[in-house]
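Working notes, beginning with the structure itself.
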Amino acid sequence: VLSATQLSSSVILLSLKYIQKLLKNNPSIHGQQGSEFRLFTVSLMLANKFLDDNTFTNKTWSDVTGINVKEINVMEMEFLNQVQFSLYVSEAEYLDWLHSLETWLKQQGQAQPQGSN
């Protein structure tokens, strides 16, 4: 999905922040095995729509992921409902998120993420 869409690192990092926000707001959410792909897909979709002027359509996301477009639409609405349609992330919150990711990556012994392109 990432190679097919060529999304910026900012979109990818924001999508991870959206997942963190979803799980923080709804700690009782437990998906089925394999649902991580669907969750990451919808968070990428929303981050792409929020940050970029030229975004992919839900049909394109369906083509790239193999998920039916009707399911993509439902997933998008469910995700938005769970985060109370709040996709804005302040600069301070984003920088704190980057710091948390960098700390985690250091603990894992991996390279640090880039803040933006």
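The values are calculated or read from the model by the stated rules, or taken from the named source; none is laboratory data. Keep in mind that this is a model prediction, so the values were computed, not measured. Note that each Cβ is placed from the backbone with ideal geometry, even for glycine, and that neighbours are counted across all protein chains shown. Just so you know, the surface numbers come from the protein's heavy atoms only, side chains and all, with ligands and any DNA or RNA stripped out. Shrake-Rupley method; radii C 1.70, N 1.55, O 1.52, S 1.80 Å.
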**Request:** Just need a number here: residues in the range 41-64 that are closer than 15 Å to residue 12 by Cβ, open to solvent by less than 70 Å² (accessible area, probe 1.4 Å) and in a helix (DSSP H, G or I).
**Result:** 10
**Request:** Tally the residues that are more than 12 Å from the chain's Cα centre (by Cα) and assigned to a helix (DSSP H, G or I), restricting the search to the range 1-15.
**Result:** 3
**In the range 56-70, the residues that are touching a residue at least 12 places away in the same chain (Cβ under 8 Å) and not hydroxyl-bearing (Ser, Thr, Tyr)** = 56, 58, 61, 64, 67
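To keep it simple, each residue is scored yes or no on (1) loosely packed, with under 12 Cβ neighbours inside 10 Å; (2) within 14 Å of residue 10 (Cβ to Cβ); (3) aliphatic (A, V, I, L, M).
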position	(1), (2), (3)
76	no, no, no
84	yes, no, no
90	yes, no, no
105	no, no, yes
**Asked** Would the range 100-110 turn up any residue that is in a loop (DSSP other than H, G, I, E, B) and either under 25 Å from residue 30 (Cα atoms) or at pLDDT 95 or above (or both)?
**Response** no
**Request:** Considering each residue of the range 23-37, count those that are under 16 Å from residue 80 (Cβ atoms) and either of a type in the set (S, T, N, Q) or under 10 Å from the mean Cα position of the chain (by Cα) (or both), and give that number.
**Result:** 2
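Can you give me the number of residues within the range 1-15 that are among the polar types (S, T, N, Q) and loosely packed, with under 12 Cβ neighbours inside 10 Å? Lay out the reasoning, then the answer.
Narrowing the range 1-15 to residues among the polar types (S, T, N, Q): 3, 5-6, 8-10, 15.
Next, only the ones that are loosely packed, with under 12 Cβ neighbours inside 10 Å stay: 3, 6.
Residues meeting the conditions: 2.
Filter the range 16-40 for residues that are under 26 Å from residue 94 (Cα atoms), assigned to a loop (DSSP other than H, G, I, E, B) and without any contact (Cβ under 8 Å) to a residue 24 or more places away in the chain; which is least open to solvent (accessible area, probe 1.4 Å)? Walk me through how you get there before you give the answer.
Start the filter on the range 16-40 by keeping residues that are under 26 Å from residue 94 (Cα atoms), which leaves 16-31, 35-40.
Retained after the next criterion (residues that are assigned to a loop (DSSP other than H, G, I, E, B)): 26-31.
Going one step further and asking which of them are without any contact (Cβ under 8 Å) to a residue 24 or more places away in the chain, we end up with 27-28, 30-31.
Numbers: 27: 102, 28: 96, 30: 156, 31: 59 Å².
Looking at the filtered set, the residue picked out is 31.
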